[in-house]
Amino acid sequence: AHKRGATTLRMRPKHGMKVEFTRHSDGTKKTSQQMPLLGETDEFILLSGAMDQLLIRDKLGWDLFKGISSPGEAFGTRETAYCEVFVGDEYQGVFVMMRPYDYEQELRKLGANAAAQDSVYRLYRLAVEEDSERAKLRTQDHRGIFYERRHAPAGCDDHAAIAPYLQMLALNDDAAFAERAVQLLDMDSVIRYALFVQACGMTDNEQNNLY
């Protein structure tokens, strides 16, 4: 297990966690376990709700998203559950437990060859730590917003797939931007996402956790 998060790691005493089941102490040889409500998995994450004392937003957000997701949809809803966490004998509090996305598995829902052709990036606004391993997977646009590569086809440049999108963002002409956006983006998906974020008041997700 290890801590996860960004702002919460620096500003809140309660940190999110990621737990992986492995056969060896060095983290190799992952093995699946049966988890309550989550089913069989070799890893899960614990959302701390550090900025939401009622611990409602994350759970409610995923439950609402389930209502607009189709069964088997790529990057659709995740099952979530509340749980109490102890590390040794020390009580850590109540967390929201969920299984993270398997990017290759989700991409295969889009087509048999999607995992070998498509890339996945995460958007966020935090400064890059140049000495971190993950910094090698990051790029930024002209506004200083960062994009971290989470999946790319074998042999592909880490940021080749997102380059046309970053070039589009730099366009100053509104008409040219709109024309290019229609070419690059799945507009139905963009509209659904924007409406969902507004309906749930998920301002942090709009800024930090766009996939």
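Summary of computed values
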{"read-out": "Computed lengthening from residue 84 to residue 143, 0.36 nm per intervening residue step minus Cα-Cα distance", "value": "17.3 nm"}
{"read-out": "Taking the C-alpha atoms of the range 21-163, convex hull volume expressed per residue in Å³", "value": "182 Å³"}
{"read-out": "Distance in nm between pseudo-label sites at residue 169 and residue 25 (7 Å out along the Cβ direction from Cα)", "value": "4.3 nm"}
{"read-out": "Accessible area of the range 1-77 belonging to carbon and sulfur atoms, whole % at 1.4 Å probe", "value": "54 percent"}
{"read-out": "Additional length obtainable on full extension of the chain from residue 177 to residue 104, 0.36 nm per residue less Cα span", "value": "23.2 nm"}
{"read-out": "Where labels lie 7 Å past Cα in the beta-carbon direction, separation of residue 66 and residue 160 in nm", "value": "4.0 nm"}
{"read-out": "Peptides 35-41, 45-51, 188-194 ordered by average Cβ neighbours within 10 Å, highest first", "value": "45-51, 35-41, 188-194"}
{"read-out": "Anchor residue 30: lysines whose Cα lies under 22 Å away (excluding residues fewer than 8 positions away in-chain)", "value": "3, 18"}
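The values are calculated or read from the model by the stated rules, or taken from the named source; none is laboratory data. This is a predicted model, so every value here is computed, not measured. In this analysis, Cβ positions are derived from the backbone assuming ideal geometry, glycine residues included, and neighbour counts consider all displayed protein chains. Accessible surface is based on the protein model in full, side chains and every heavy atom, while ligands, DNA and RNA are left aside. Shrake-Rupley method; radii C 1.70, N 1.55, O 1.52, S 1.80 Å.
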